[in-house]
1. Which residue, of D38, D68, D32, is in contact with a Lys or Arg (Cβ under 7 Å, 6 or more places away or on another chain) and not in a helix (DSSP H, G or I)?
2. Quick one: which of V76, V3 is at pLDDT below 95, of a type in the set (A, V, I, L, M, F, W, C) and open to solvent by less than 30 Å² (accessible area, probe 1.4 Å)?
3. Give the number of residues within segment 79-90 that are open to solvent by 10 Å² or more (accessible area, probe 1.4 Å) and either hydrophobic (A, V, I, L, M, F, W, C) or assigned to a helix (DSSP H, G or I) (or both).
4. Could you please let me know if D121 is surrounded by fewer than 23 Cβ atoms within 10 Å (Cβ to Cβ) and not in a helix (DSSP H, G or I)?
5. Among the residues of segment 50-73, is any within 18 Å of H17 (Cα to Cα), touching a Gly at 6+ places or on another chain (Cβ under 7 Å) and open to solvent by less than 40 Å² (accessible area, probe 1.4 Å)?
Amino acid sequence: LGVLFRTPLYIASFKGHLPIVKLLTKSRATLDTRNSSDYTPFFGACYNGHVHVAEHLLQLGASPEVKDRDGVTPLVCALMQGHVGIVKMFVERVYAHLPSVHHPQHGAKAFFLACLSGDSDTVRYILKELQAQAPEKQTAEFLQQPQPAAATLYDAVEASTNPDALKNVLPILR
């Protein structure tokens, strides 16, 4: 297995092979075994946006609150990767609302992390969820940040490794 310890369940989850994941879990593969980066199979599925695998693992009891060695959760990872399907799964099936999130290095909120991905669908979804919450929460979470939304967007796009992030996300705020 080399330097990076990976179980068959982790590899199948990371690659999005639901039939293999089902076979392995039916054979009692351990759900929350961690690899050398502290990723579980559920984290691996979320990292690559494999919604059906992540949902299956959740149904079997995988923990949605796991953190990697840097303190990043699967939800934070999905926001940063622009996996709107995984973000929706967390909102609709785990939390019943958009939870407050925190990135251990960026200290960032959901909107910043979504902008960081450069994925316009994820940014739109986060904005829709923020607007659906109580106006006081929306104001506290988004509008009354130390920086206005456009500055948060600019900072996220500048920090992003996605060269098209600004092009993809900026039209949303117009």
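The values are calculated or read from the model by the stated rules, or taken from the named source; none is laboratory data. In this text the structure is predicted, and so the values were computed from the model without any measurement. Every residue, glycine as well, gets a Cβ built from its backbone with ideal geometry; the counts of neighbours run over all protein chains shown. Surface areas here come from the heavy atoms of the whole protein model, side chains and all, with no ligands, DNA or RNA. Shrake-Rupley method; radii C 1.70, N 1.55, O 1.52, S 1.80 Å.
1. One residue alone meets the criteria, D38.
2. Working: V3 fails: open to solvent by less than 30 Å² (accessible area, probe 1.4 Å).
Answer to the check: V76.
3. Our first condition is that a residue be open to solvent by 10 Å² or more (accessible area, probe 1.4 Å); within segment 79-90, this holds for 80-85, 88.
Filter once more, so that each one left must be either hydrophobic (A, V, I, L, M, F, W, C) or assigned to a helix (DSSP H, G or I) (or both): 80-81, 84-85, 88.
Of the residues in segment 79-90, 5 are open to solvent by 10 Å² or more (accessible area, probe 1.4 Å) and either hydrophobic (A, V, I, L, M, F, W, C) or assigned to a helix (DSSP H, G or I) (or both).
4. Values: surrounded by fewer than 23 Cβ atoms within 10 Å (Cβ to Cβ): yes; not in a helix (DSSP H, G or I): no.
It is false that D121 is surrounded by fewer than 23 Cβ atoms within 10 Å (Cβ to Cβ) and not in a helix (DSSP H, G or I).
5. yes
Per-residue answers, yes or no, for (1) in contact with a strand residue (DSSP E or B) (Cβ under 7 Å, 6 or more places away or on another chain); (2) under 23 Å from T40 (Cα atoms); (3) at pLDDT 85 or above; (4) small (G, A, S):
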site: V72; (1), (2), (3), (4): no, yes, yes, no
site: V84; (1), (2), (3), (4): no, yes, yes, no
site: K88; (1), (2), (3), (4): no, yes, yes, no
site: V101; (1), (2), (3), (4): no, yes, no, no
site: A110; (1), (2), (3), (4): no, yes, no, yes
site: L113; (1), (2), (3), (4): no, yes, no, no
site: G118; (1), (2), (3), (4): no, no, no, yes
site: Y125; (1), (2), (3), (4): no, no, yes, no
